[in-house]
Every structure is written in structure tokens, then in C-alpha cells.
1. For the chain, which longest stretch is free of loop sites, where a loop site is one of the trypsin sites (Lys or Arg not before Pro) that DSSP puts outside H, G, I, E and B and that has at most 10 other Cβ atoms within 10 Å?
2. What residues have an amide H closer than 5 Å to that of N188, excluding those fewer than 5 places away on the same chain, when H is modeled at 1.01 Å from N in the peptide plane?
3. Can you work out ³J(HN,Hα) from phi for every residue in region 30-38, in order, using Karplus 6.51 cos²θ - 1.76 cosθ + 1.60 and θ = phi - 60°, giving whole Hz and x for Gly and Pro?
4. Using Cβ contacts closer than 10 Å as the measure, can you line up D252, D121, D15 from fewest to most?
5. State, to one decimal in nm², a quarter of the convex hull surface area for the C-alpha atoms of the chain, i.e. the direction-averaged projected area.
6. Within region 18-59, whose backbone N sits under 18 Å from a point 7 Å along Cα→Cβ of E153?
7. Exposure proxy check: M149, M43 ranked by fewest other beta carbons within 10 Å?
8. Can you run phi through the Karplus equation (6.51, -1.76, 1.60; θ = phi - 60°) for region 187-196 and list ³J(HN,Hα) in whole Hz, with x for Gly and Pro?
Amino acid sequence: RGGQKQREVPFAQPDSLTRVYAVASGKGGVGKSSVTANLAAAMAADGVTVGLVDADIYGHSAPRMLGAEGSRPTVVDDMIMPVPAHDVKLISTEMFKPDRDTPVAWRGPMLHRALQQFLTDVFWGDLDVLLLDLPPGTGDVAISLAQLMPNAEIVVVSTPQLAAAEVAERAGAIAIQTHQQVAGVIENMSYMPCPHCGPEHRLDLFGSGGGRQVAQGLSRRLGADVPLLGEIPLDIGLRESGDLGTPFVLKDPEAPASAAMHDIARQL
Ligand code: ADP
């Protein structure tokens, strides 16, 4: 490429101290992006230096959830500066679209190059943790990521629904082919605290047991202990604050959903 030297992925170097987690899900709508954005904000609030790559190419929502929608990164000395959002260093495909209504229609090789750029041409500095919000399913991005950063551990988000759990388990099982580790499973939308009888009464809107089933299934398939990292309840406030651009863990840190996120963040 015209003498232009390809930079190496800093996080994939043997001496890298950054822990890398790719957050995956079987299908969309299970709260993968909400969980990732809140985990990042919770880590930052704990004083962890955290970067977030929103690689959910088609459904990028991290900028909105972190109040950075429409932000454009600046370029300094040939390096892209991540956008600071609630103390999280953020890079998203949304930031590279000409305008918000243009859909991203990239094929595998372009996705790979984009991801590579996010990892090599962005000035991340020294990070304790790098989180990646993957598109749902087991597509090109997950494979590219495994090639670029084989050390990235996978975190699987599922709902309690057993049908959803099967799909989530398959998303995590990609780790067998890519020789990656699975750091754990997060069950989101676990239950709804009853608005009438009080929070002790839990409504299992989406059934129960999905997260545990995914963790057990992946432990069996990988021959390693894959823990259930936590169960995050449904909370209308979580949805609202995501829409308004302040992560729920910062807006209402005492809420059970926030407490669950903080607890999971401290395990990673
Ligand atoms: P995904 O990234 O898996 O597609 P999102 O994070 O975009 O899912 O979440 C889908 C929708 O569900 C969003 O409107 C989000 O605000 C909402 N949501 C996610 N988790 C919760 C929760 N625990 N309680 C209430 N709403 C939630």
C-alpha cells in the first residue's frame, strides 16, 4: 500500500496490559448495547480507564446511549482521537457516516478494515479495559475481531428466555473455532420488579434460566468454567436514560439494575 506502513494492533501485543472484552449476543434487542454502554460507564466511574468500540455496524447505538450522538472525532498527527463520553473513550461507526440517514452497507473486507482502523489508527492511550459492542450473531465482525485480537474474551448477553438462550449459546460457541475465551454470560431483562406489590415480587416476563443455561452450555462445549456474571432486571429508567444519553448506572446508581451492572463491571 504505497509504502504506507500498517500499524500493529496495540491490544494484541504480548506486553499489552489492556483487558479486551467483545460483547456478543445471539440476536438483536436483548440489550447488548445498553449493557455494554452501562458497563463502560460503571468502569469509568470506578476509575478504570476504559475504551469502547461500537462495532455494531448496523445498529450502532452507543453514541446515543452515552450522549455523544452526532459527535465527530478529531484527527491529531494522523491519529483519530476517540470522543470522550462520560469518561469513556468512544469510537463508533456512526462517527464515520456522512449523515445519520445513510445506512452502512459494508461487506466483509470493508468491515475488517474499519475494525482494524478503529484499533490501530485511534489514539487510545493506555487503557485498562477495551470493550467492543459487536453486531448480533456470528458474522464477519466477530471473525475479524478474532483475527485482529485473538486475546479478546467474549462476553455473551442473553435474556432469560430459553429459545433466546440457544441462539446466544451459538454466538458464544464461536470461541471454539476462534480459540478465544468466554469471560462469562450476562442475563439481561431477567425479571420485572412488580410495580404493585413491591420489588420483592418478581415478574418473570421472559421466563427464567436462560443465562444459566447459556453459561452451562458454553462451559460444557469449551471445557472451561464460563460463569454467569449477573442478572440485570428490567427497569423503565434504564431504557429512558439510554434514550436521553446518560447511562443509567450514573443516573440512578442505587437501582437494582445499576447495582447489577456495577457488580458485573467489577468482575471484568
Ligand atoms: P441490542 O443491543 O441487543 O440490540 P439494546 O441495548 O438496543 O439491545 O436494547 C433494546 C431495547 O431494550 C432498548 O430500547 C433498551 O433501552 C431496552 N433495554 C435493554 N435492557 C433493558 C432493561 N434491563 N430494562 C429496560 N429496558 C431495557
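Bear in mind that the values in this text are calculations on the coordinates, not laboratory data. Keep in mind that this is a model prediction, so the values were computed, not measured. Cβ atoms come from the backbone with ideal geometry, glycine included; neighbour counts cover every protein chain shown.
1. Between exposed loop sites, the widest span is 108-268.
2. S158, T159, I232
3. 8, x, 4, 5, 4, 5, 4, 4, 6
4. D15, D121, D252
5. 14.5 nm²
6. Only 18-25, 36-37, 39-44, 48-53 pass the distance filter.
7. Listed from fewest to most nearby Cβ atoms, that is M149, M43.
8. 9, 10, 6, 4, 7, 10, x, 5, x, 9
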